[in-house]
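Here is the structure we will look at.
We did not get these values from a lab; they are worked out from the coordinates using the rules stated. If you're wondering where the values come from, they're calculated on a predicted model, not measured in any experiment. For neighbour counting, all protein chains shown are included, and Cβ atoms are generated from backbone atoms with ideal geometry for every residue, glycine included.
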Amino acid sequence: MKAEAVQTNKTGHFLGGISRLTKNYAVVLAIFILAVIFSLASPYFLTYSNLRNIIQQSTTIAIVVIGQAMIVTTANFDLSLGQNVCVTSCVLAWLIKFGGVNPWVAILITLVVGTSVGVFNGVLVSYGKIPAFIVTLGSQMIARGFAKIITQASPIPGMPEEIQFFGRGVIGSSEYGIPISIVIMIGLYVLIMLIMHYTKFGRSLYAIGGGEEAAYFAGINVKKYKAITFTVAGLLCAVSSVILVTRLDSAALTNGYLYEFDAMIACIIGGISLTGGKGTVLQGLFGAIFLTLFFNGMTMLNVDPFVQDVIKGFVLIGAVVIDVFRNKR
């Protein structure tokens, strides 16, 4: 009888684990289904070059998703991420093309600028107790305005070859190698996942998302940790902009366009709850890949870009509805 009970218990744990896995990573199944559908619609979809292109395209938004995922874990959000990418892209290009600054120094300054935007948001939200919606919407407008001033609403093309490897470099052969941008993205995800799961800081973010008051009485410095998440998100926006500028070989006002919403959609689709305290950064990555895959397929099927914007809006609303029902259940 004891042996049967132990066996039943083991089976229950195994089935429970499978159930949690399918629930938390349902987006992986969705990615597989999309891949099958688009591969039937186009013979070029499942080629190595196209799949590599999809993942490479997703790197910039996926890096931004890391920051958004950390913020969402604390039950907040950042509406300035896309314009942070935009303004840091413009700063980098202007410093190199018109400022006569060494490209490596320009990258360092760019990282500082992006981080400063995050610090600005974090301090006002955490210590100023101003709603994240107001603060990040305001900083979105400020960043957009600075980007217009820097570029005079005109693209800044032509980046030096010595830094183009960030966006265009490949490890191995040009045909079958792995883009350096993908390596950078994976490295950042591994680092943040380790931090989120094995450090006091990461565990504190989940506690804050579960309830700020309870986290405070548990001895967690809620204000500091919330400010850090916005700061890290700002830094990651700058990293994303470096990859984006060197891949496109130019900076423009369209850089980072709607990244804040794409990052939010990716988080929700991936399974990270808007209410906070639930989900993992890895789920955000799968959400970003799903989003890029979906619209890459739409493009291959010659769907009008304006129609794609409409679809993206419905996807956002649908993702929020799913999140609400998921939390109720």
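Things to note:
- Across segment 121-214, Cα-Cα pairs more than 20 Å apart make up 68 percent of the total.
- Under the convention that each Lys and Arg Cβ holds +1 and each Asp and Glu Cβ holds -1, the size of the dipole of segment 42-328 around its Cα centre is about 600 debye.
- Under DSSP loop assignment and at most 16 Cβ neighbours within 10 Å, longest chymotrypsin sites (Phe, Trp or Tyr not before Pro)-free interval of the chain: 177-256
- Cα lying deepest toward the dipole's positive end in the chain, options Ser116, Leu51, Thr151, charges on Cβ: Ser116
- In a fully extended conformation the segment linking Val36 and Phe325 would gain 101.3 nm over its present Cα-Cα distance, using 0.36 nm per residue.
- In percent, rounded to a whole number, the relative contact order of the chain is 33, using alpha-carbon pairs under 8 Å and six or more apart.
- The residues Ser204, Ser126, when put in order of fewest to most other Cβ atoms within 10 Å, stand as Ser204, Ser126.
- Solution diffusion estimate, µm²/s, Stokes-Einstein, the chain, Kirkwood Rh from C-alpha pairs, 4 °C, viscosity 1.567 mPa s: 62 µm²/s
- For Leu194, Leu285, Leu236, the sequence from fewest to most other C-beta atoms within 10 Å is Leu194, Leu285, Leu236.
- Partner aspartates and glutamates whose Cα lies under 12 Å from the Cα of Lys223, excluding those fewer than 8 positions away in the same chain, are identified as Glu212, Glu213.
- Neighbour counts of C-beta atoms inside 10 Å place Arg326, Arg247 in the sequence Arg326, Arg247, starting with the fewest.
- Derived scalar couplings between HN and Hα for segment 184-194 equal 4, 4, 4, x, 5, 5, 4, 4, 5, 4, 5 Hz in order, rounded to whole Hz, by the Karplus curve 6.51 cos²θ - 1.76 cosθ + 1.60 (θ = phi - 60°), x for Gly and Pro.
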